[in-house]
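FYI, it's all coordinate maths here, none of it is from the lab. Nothing here was measured: the structure is a model prediction, and the numbers come from that model. Counting neighbours? That spans all protein chains shown, and the Cβs are built from the backbone with ideal geometry, glycine included.
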């Protein structure tokens, strides 16, 4: 049984597998070489040779327990014909979309536009380096994708004025997002992904009263769908105020926690396997501090099924040596 499955399916507490959000990417010199030659991010994600290479780079370097596919949650709007660009030091910019046009898109059009993502998963999951490791596919949660599609950029602290005004548009887009996310998940699983993670990066923007409509119900639909494919599903509802309520309603196989959460409270409230929590900034400090902070999570969750990870993506300025140190600390615990 692959390492993450031992935690997610068997609820094993005898060891802690480790993978790192954004492990394929910006902190690795070998990734930066490729990126320099390939300024168009979406095209890079859709280049099956380079994208496979980037996915496997961290596994050649480190003893990680899983590969996460080098792709982006914004493949979904791209597949629906909304133009997505990444601007240096700004992040994603999305063009306005035309609801009429999006409504006409069918599964064939959508898959045709992003099918290379699935080729990458096929290539990576059959690589000998992953023989005893997991291959993680992922999607953005419906709410987070809705935010990007309507806001047209990262909302950082708040949504643009009048975001919720057109209720018809919001509900229509949510249904379209859900339909195509299911297609996207199914294709990833058919191509070799044996775990799906759902990233809800902007769950923290909502008030408590809006969570059922925008987070709980749409995410629950997806979680049930992934489970119907016999694949474990991890949810990362970043900065959601009430992790316990989220888990009670959405029932993922594991929940990934962000670094603003008190791990002791999480342990007290949540029965399912836990993932993550460590502040990525700790990797910018020194070895002693890293050991102390990482051990804190390992101690707290020592009798609970736990996958070691960060509470957000690894920072670009991280020294790869510190990643090596972190993996050794976790493996030797």
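Checked against (1) surrounded by fewer than 23 Cβ atoms within 10 Å (Cβ to Cβ); (2) out of contact with any strand residue (DSSP E or B) (no Cβ under 8 Å at 6 or more places or on another chain); (3) over 29 Å from residue 132 (Cβ atoms), residue 279 meets all criteria but (2). Restricted to segment 179-280, the set of strands (runs of 3 or more DSSP E) holding at least 3 residues that are on the phi < 0 side of the Ramachandran plot comprises 195-199, 233-236, 254-257.
Of all residue pairs spaced 6 or more apart or on separate chains, those with beta-carbon atoms under 9 Å, a first member in segment 152-167 that is free of Cβ contacts under 8 Å to residues at least 40 places away in the same chain and at negative phi and a second member that is surrounded by 14 or more Cβ atoms within 10 Å (Cβ to Cβ) and in a loop (DSSP other than H, G, I, E, B) are 160/152; 163/155.
Of all the numbered requirements in (1) under 19 Å from the mean Cα position of the chain (by Cα); (2) in a loop (DSSP other than H, G, I, E, B); (3) farther than 26 Å from residue 273 by Cβ, residue 23 misses one, and that requirement is (3). With respect to (1) surrounded by 22 or more Cβ atoms within 10 Å (Cβ to Cβ); (2) assigned to a loop (DSSP other than H, G, I, E, B), the lone exception for residue 132 is condition (1). Here is a check on your reading of the model: is residue 32 surrounded by fewer than 17 Cβ atoms within 10 Å (Cβ to Cβ) and either out of contact with any helix residue (DSSP H, G or I) (no Cβ under 7 Å at 6 or more places or on another chain) or assigned to a loop (DSSP other than H, G, I, E, B) (or both)? Yes: the conditions hold for residue 32.
Restricting to segment 144-178, what's the tally of residues that are assigned to a loop (DSSP other than H, G, I, E, B), touching a strand residue (DSSP E or B) at 6+ places or on another chain (Cβ under 9 Å) and surrounded by 17 or more Cβ atoms within 10 Å (Cβ to Cβ)? Residues meeting the conditions: 1.
Residue-by-condition table, conditions (1) surrounded by fewer than 17 Cβ atoms within 10 Å (Cβ to Cβ); (2) more than 16 Å from the chain's Cα centre (by Cα); (3) in contact (Cβ under 8 Å) with a residue 60 or more places away in the chain:
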{"site": "242", "(1), (2), (3)": "yes, yes, no"}
{"site": "246", "(1), (2), (3)": "no, yes, no"}
{"site": "254", "(1), (2), (3)": "no, no, yes"}
{"site": "266", "(1), (2), (3)": "no, yes, no"}
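The rows are residues; the columns are (1) within 30 Å of residue 267 (Cα to Cα); (2) surrounded by 14 or more Cβ atoms within 10 Å (Cβ to Cβ); (3) in contact with a strand residue (DSSP E or B) (Cβ under 7 Å, 6 or more places away or on another chain).
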residue	(1), (2), (3)
2	yes, yes, yes
9	yes, yes, no
13	yes, yes, no
26	no, yes, no
41	no, yes, yes
